[in-house]
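*Asks:* Take this structure, written in structure tokens, and hold onto it; I'll ask about it next.
The values are calculated or read from the model by the stated rules, or taken from the named source; none is laboratory data. What you see is a predicted model; the values in this text were computed from it and never measured. Quick reminder, even Gly has a Cβ in these numbers, built from the backbone with ideal geometry, and neighbours come from all protein chains shown. All accessible areas refer to the heavy atoms of the entire protein, side chains included, with ligands and DNA or RNA removed. Shrake-Rupley method; radii C 1.70, N 1.55, O 1.52, S 1.80 Å.
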Amino acid sequence: MGQSHSITTGIANRRRDNVVDHSCRSMAIAPKDPKELRSFLTEEKVQEEECDSGDISILPDACLACIFQLLGSGDRKQCSLVCRRWLEIEGQSRHRLSLNAESELISVVPSLFSRFDSVTKLSLKCDRRSVSIGDEGLILISQRCQNLTRLKLRSCRQVTDLGMISFAKNCKGLKRLSCGSCTFGAKGMNAILDNCSALEELSVKRLRGISDGAGAAAAAAAEPIGPGLSASSLKLICLKDLYNAQCFGPLIMGAKNLTTLKLFRCSGDWDKLLELVTDHVEGLIEVHLERLQVSDAGLTALSRCQNLQILHILKTPDCSNLGLISVAENCKLLRKLHIDGWKTNRINDEGLIGVSKHCPNLQELVLIGVNSTRVSLELLATNCQKLERLALCGSETIGDAEISCIAEKCTALKKLCIKSCPVSDHGMEALAGGCPNLVKVKVKKCRGVTGDGAGWLRASRESLAVNLDTTEVESQDAASDGAVENPPATSESGGASSSNTTTRSTSFKARLGFIAGKTLRKWSSFNGGSRSQ
């Protein structure tokens, strides 16, 4: 019995050895499509009778690894339980790993990364209420994963500058670093920048260790970050929720090849820093500014970046038409523009007219809290013939006339979103006969638009996807129809049913009144300028 098993195993191994050389040579051109892959696996070297036998053991390790890479995480886990060989191959072919980074992780790091020895993308996340791994755990991981190219750290509060310095020395091939809610400081960040010369993307959120507080004094005392060796390779910098984000100024100015800069909710005056940045960095293509202390001076500085294609100006109350026009006049390649006017009315028709005159390549326009009218929309539609995506939200001046103008003029438009605007069913009727390339319409919180208007639009254009937020209206109509269709019964059981119906109706009305009151309060605060949408 044992001899027969040995002979069978030997035959399978010889078959696998016969095809492994051929498959390994072909692996560089192995198809990704599953159907093509099956054809690829049954080429000349694998005999037809062997394939018909269903003996999967003839597949070489490289082919199994290729198959595993086409599976999702859950399916890969199931495959690893089939046999020891599959367990080994699955571990060796896994390049992405996400771990719960609690302190207990350190005890299994050696065995874990002995199995997953080819990991290049690692995510370490810890719950805020738990104790995360510390320097010892991070150093041990860096020693086992020296080929890491991406690292994500979330809430690893026990990791200090010492841990990051050792990590940077062990993983010099790092290309992407994202850290959030961590407590290491400028020394750890500078170690990454000094050792990881191939770093391309850096994302930092709530990094508490870079300073002890907010304000001008803390900013002046904060240790500068950058530029380091990675300055020449950095292409994206994203900073969120930082008290002293301006200590990254040397890094931003030194990143000569920077193409994307994203700044969200970072304190300090950014006008001067943007002026310095644009003096040194000329290749910016994408810029996001949200809840920053930036004015027209900062936008004027950005207008020097003639290659700028994507600009988001969100909840920056000091920006006005003047700064927007400056950007439009100099950045003629602009493709995507998002503006959240925050109900300040400092950006309106005047600024949008400037955009329409100088940005013919505009493809996507999002206006939130911007009171534009038919005057600017007509010019945008006429001059920006490539406009495909348009969103109009929280505007008091966008009505049926404006929607009719869009329907008539925006011939290239494919997607339209209207939210919290005084639009009615007449606007929907205009859309039914315009915008020949329109494929999707989303209407939300527009009280003048009813289910009938949306239904008529769907009936008129069957290929059009219409997403209408009319939950409350439809529920109220359904309740009214139910009251008419169910007359009161005379029997005892019918009386009980009627009583239950009345109770449910009363409960529904109470809930509806609560929702209406809540909505009214939201709208009151919205009109007061406390809400952006």
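*Asks:* Please specify each residue of the range 248-263 satisfying the condition of being surrounded by fewer than 19 Cβ atoms within 10 Å (Cβ to Cβ) and closer than 18 Å to Arg291 by Cβ.
*Replies:* Lys262
*Asks:* Give the residue that is nearest to Leu365 (Cα to Cα), with candidates limited to residues of the range 291-307 that are surrounded by 18 or more Cβ atoms within 10 Å (Cβ to Cβ) and out of contact with any helix residue (DSSP H, G or I) (no Cβ under 7 Å at 6 or more places or on another chain).
*Replies:* In this case the residue turns out to be Arg291.
*Asks:* Taking the range 316-334 on its own, how many of its residues are in a loop (DSSP other than H, G, I, E, B) and crowded, with 20+ Cβ neighbours inside 10 Å?
*Replies:* Count: 5.
*Asks:* Just the residues that are open to solvent by 10 Å² or more (accessible area, probe 1.4 Å), out of contact with any strand residue (DSSP E or B) (no Cβ under 6 Å at 6 or more places or on another chain) and under 24 Å from Asn244 (Cβ atoms), please, taken from the range 168-185.
*Replies:* Ser181, Thr183
*Asks:* Please state which one of Ser80, Ser93, Ser118 is without any contact (Cβ under 8 Å) to a residue 24 or more places away in the chain, open to solvent by less than 40 Å² (accessible area, probe 1.4 Å) and in contact with a helix residue (DSSP H, G or I) (Cβ under 8 Å, 6 or more places away or on another chain).
*Replies:* The conditions single out Ser80.
*Asks:* Given (1) open to solvent by less than 30 Å² (accessible area, probe 1.4 Å); (2) touching a Gly at 6+ places or on another chain (Cβ under 7 Å); (3) of a type in the set (Val, Ile, Thr), where does Val277 come up short, assuming only one miss?
*Replies:* With respect to (1) open to solvent by less than 30 Å² (accessible area, probe 1.4 Å); (2) touching a Gly at 6+ places or on another chain (Cβ under 7 Å); (3) of a type in the set (Val, Ile, Thr), Val277 is out only on (2).
*Asks:* Return only the number of the condition from (1) open to solvent by 50 Å² or more (accessible area, probe 1.4 Å); (2) over 27 Å from the mean Cα position of the chain (by Cα); (3) aliphatic (A, V, I, L, M) that Leu112 does not satisfy.
*Replies:* Only one criterion in (1) open to solvent by 50 Å² or more (accessible area, probe 1.4 Å); (2) over 27 Å from the mean Cα position of the chain (by Cα); (3) aliphatic (A, V, I, L, M) is unmet by Leu112, namely (1).
*Asks:* Here is a further query. Working carefully through the options Ala245, Ala222, find the one that is over 25 Å from the mean Cα position of the chain (by Cα) and buried (at least 19 other Cβ atoms within 10 Å of the Cβ).
*Replies:* When all the criteria are applied, what remains is Ala222.
*Asks:* Surrounded by fewer than 12 Cβ atoms within 10 Å (Cβ to Cβ) and modelled with pLDDT under 50: is that true of Asp17 in this structure?
*Replies:* Spelling it out, Asp17 is indeed surrounded by fewer than 12 Cβ atoms within 10 Å (Cβ to Cβ) and modelled with pLDDT under 50.
*Asks:* Still on this model: If Lys172 satisfies every condition in (1) assigned to a loop (DSSP other than H, G, I, E, B); (2) touching a Leu at 6+ places or on another chain (Cβ under 7 Å) but one, which is the exception?
*Replies:* Answer for Lys172: the failing condition is (2).
*Asks:* What number of residues in the range 129-169 are in a strand (DSSP E or B) and charged (D, E, K, R)?
*Replies:* Adding up the residues that qualify gives 3.
*Asks:* Let me ask something else. Could you say whether any residue in the range 182-200 is at positive phi and outside any strand (DSSP E or B)?
*Replies:* No, because not a single residue in the range 182-200 is at positive phi and outside any strand (DSSP E or B).
*Asks:* Buried (at least 23 other Cβ atoms within 10 Å of the Cβ), under 13 Å from Thr397 (Cβ atoms) and touching a residue at least 40 places away in the same chain (Cβ under 8 Å): does that describe Gly369?
*Replies:* yes
*Asks:* All but one of (1) among the charged types (D, E, K, R); (2) farther than 24 Å from Ser178 by Cα; (3) open to solvent by 60 Å² or more (accessible area, probe 1.4 Å) hold for Glu104, so report the exception by its number.
*Replies:* (2)
*Asks:* Kindly check whether there is at least one residue in the range 335-353 that is under 24 Å from Gly434 (Cβ atoms), open to solvent by less than 10 Å² (accessible area, probe 1.4 Å), out of contact with any strand residue (DSSP E or B) (no Cβ under 7 Å at 6 or more places or on another chain) and touching a residue at least 24 places away in the same chain (Cβ under 8 Å).
*Replies:* Yes: the range 335-353 contains one or more residues that are under 24 Å from Gly434 (Cβ atoms), open to solvent by less than 10 Å² (accessible area, probe 1.4 Å), out of contact with any strand residue (DSSP E or B) (no Cβ under 7 Å at 6 or more places or on another chain) and touching a residue at least 24 places away in the same chain (Cβ under 8 Å).
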